[in-house]
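Structure provided below as structure tokens; questions to follow.
The values are calculated or read from the model by the stated rules, or taken from the named source; none is laboratory data. Everything quoted here is computed from the prediction, not taken from an experiment. Reconstructed Cβ throughout: ideal geometry from the backbone, glycine too, with neighbour counts over all protein chains shown. These area figures cover heavy atoms from the full protein model, side chains too; ligands, DNA and RNA do not enter into them. Shrake-Rupley method; radii C 1.70, N 1.55, O 1.52, S 1.80 Å.
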Amino acid sequence: MKERFDAIVVGGGPAGCAAAYTLAKGGLAVLLVERGRFAGVKNMTGGVLYGPVLHDLIPEFWKEAPVERHVSRHVITFLSEKTSVSIDFNSAGLDQPLYDGFTVLRARFDRWFADKVEQAGGVVITGVRVDDLLWDGQRVVGIVAGGDRIPAEVVIAADGVNSVMAGKAGLGVKLSPENVNQGVKEVIKMRREVIEERFNVAGDGGAAMHFLGFCTRGVHGGGFLYTNKESLSLGVVVQLQALIENNLKSVELLEGFKAHPAVRELIKGGTTVEYSAHLVPAGGLRMVPRLYTDGLLVTGDAAALVLATGRALEGLNFALASGMAAAETVKLAKAKGDFSKETLSQYEKLLAESFVLRDLKKFEQSADFLENQRLYSLYPGLACSLAEKIFRVDGKPKKTVWQLAREEMKGKVSLWQLLRDGLAARRTI
């Protein structure tokens, strides 16, 4: 191992691998340290990589990366206890490059990405925990890992929402129950032909399904189901504070979700082969800490760079983009021979010019809007009960949809409140 690196990246997830790969391709001496037996060993996150970010780094990555399926079908489903109403979006355009997104299994994807780092000339070590930072006065100058002191010009913290490195540098995310979601996920093995017939997808196409309502017993959160090549990723993500206040357990919510009529038939015959749980920073811009200091940058979940708007949780593309921006900043610092916080502040400027901070700024009010409990109980229930009345033919004179809607809303929500919630949604979703 080299005596000194230009950069040490702590964490072998998407942010860390993107940073390390970019640096290695740029000819810098980079060390990537992952505490798991291999990158992606925990297989965290729900499993959809949205957007073209990785294509910018590795053109047409889907031809070599172990992605599962490109997303060719988006479904949003509202659930009551026994009923469901879905919005199902299909488009031939979703089957064409550049694809809208890919389902991934992190255990395969991250491992491939870490291999790419090595192929580019980076050094990757796994199964090693980083215990501390090395300091020269107020400047970070390396890490302490496995009893070894490893110096570097800069350290990139990409070690997740509970980032030890960011915390030791005073840049850690402030985790509080209202800003953190708990996700639990099962990977359910299923034959490829069954998936394609059951989810109406073909070839390498797949479905990304999102659920709102009874899957969380009407509290802040939602459910998801993604199709992989020969498995499904199924889970619920619930605000930690909602779990505490309502005395709920994520694992019980997941079991109830699996038993719901709208889900039960989709997973019928499948075998659970994997289970995982994960904390997700979902507070938006208000959670994002200072992103740099002398000799250190913070990326991905470690910097709470996750977008939660109510449409979906986006984290992987934000992690990749932040890792790439951190690497570009380090390349600039290397060229200047200056790794001070003044030079590293370029990182925040790059993020501000990209979708990362622009989206977090644009949807800054989303976290407050998503506190509206009517989103998780009242409105999904109304959608289901209204649909049931619209489509039921009972031999009685028919009423207009508007009349039926007003009947369903009576005593539950006023037209004025519905309008106010709609206006709030217009500004924040």
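Check off (1) over 17 Å from GLN373 (Cα atoms); (2) open to solvent by less than 20 Å² (accessible area, probe 1.4 Å); (3) in contact (Cβ under 8 Å) with a residue 40 or more places away in the chain for CYS215 and give me the number that stays unchecked.
(1)
Quick check: is even one residue across the stretch 151-169 closer than 20 Å to ALA39 by Cα, in a strand (DSSP E or B) and of a type in the set (Val, Ile, Thr)?
yes
Mind listing whichever residues of the stretch 240-271 are in contact with a helix residue (DSSP H, G or I) (Cβ under 9 Å, 6 or more places away or on another chain) and not aliphatic (A, V, I, L, M)?
LYS249, SER250, GLY256, PHE257, LYS258, HIS260, ARG264, GLU265, LYS268, GLY269, GLY270
Could you please find all residues in the stretch 24-45 being over 15 Å from GLY127 (Cα atoms) and modelled with pLDDT of 95 or more?
ALA24, LYS25, GLY26, GLY27, LEU28, ALA29, VAL30 - these are the residues of the stretch 24-45 that are over 15 Å from GLY127 (Cα atoms) and modelled with pLDDT of 95 or more.
Right, next: Taking the stretch 273-320, which residues are open to solvent by 20 Å² or more (accessible area, probe 1.4 Å), aromatic (Phe, Trp, Tyr) and out of contact with any Ser or Thr (no Cβ under 7 Å at 6 or more places or on another chain)?
Passing the criteria: only TYR275.
Further question on the same structure: For the stretch 321-356, give me the residue count where each residue is open to solvent by less than 60 Å² (accessible area, probe 1.4 Å), assigned to a helix (DSSP H, G or I) and without any contact (Cβ under 8 Å) to a residue 24 or more places away in the chain.
3
Ok, one more. Tell me which residues, restricted to the stretch 390-410, are exposed (fewer than 10 other Cβ atoms within 10 Å of the Cβ) and closer than 16 Å to TYR379 by Cβ.
Correct list: LYS410 only.
Additional query: Take the residues of the stretch 46-95 that are at pLDDT below 90 and in a loop (DSSP other than H, G, I, E, B): which is most open to solvent (accessible area, probe 1.4 Å)?
This residue is SER91.
So, one more: Please note which helices (runs of 4 or more DSSP H) are completely contained in the stretch 238-320 and include at least 3 residues that are free of Cβ contacts under 8 Å to residues at least 24 places away in the same chain.
In the stretch 238-320, 250-259 are the helices (runs of 4 or more DSSP H) which contain 3 or more residues that are free of Cβ contacts under 8 Å to residues at least 24 places away in the same chain.
Follow-up question, since we're still on this one. Considering only the stretch 357-415, state which residues are in a helix (DSSP H, G or I), under 23 Å from the mean Cα position of the chain (by Cα) and not small (Gly, Ala, Ser).
Once the filter is applied, which keeps residues that are in a helix (DSSP H, G or I), under 23 Å from the mean Cα position of the chain (by Cα) and not small (Gly, Ala, Ser), the stretch 357-415 yields LEU357, ARG358, ASP359, LEU360, LYS361, LYS362, ASP368, PHE369, GLN373, LEU375.
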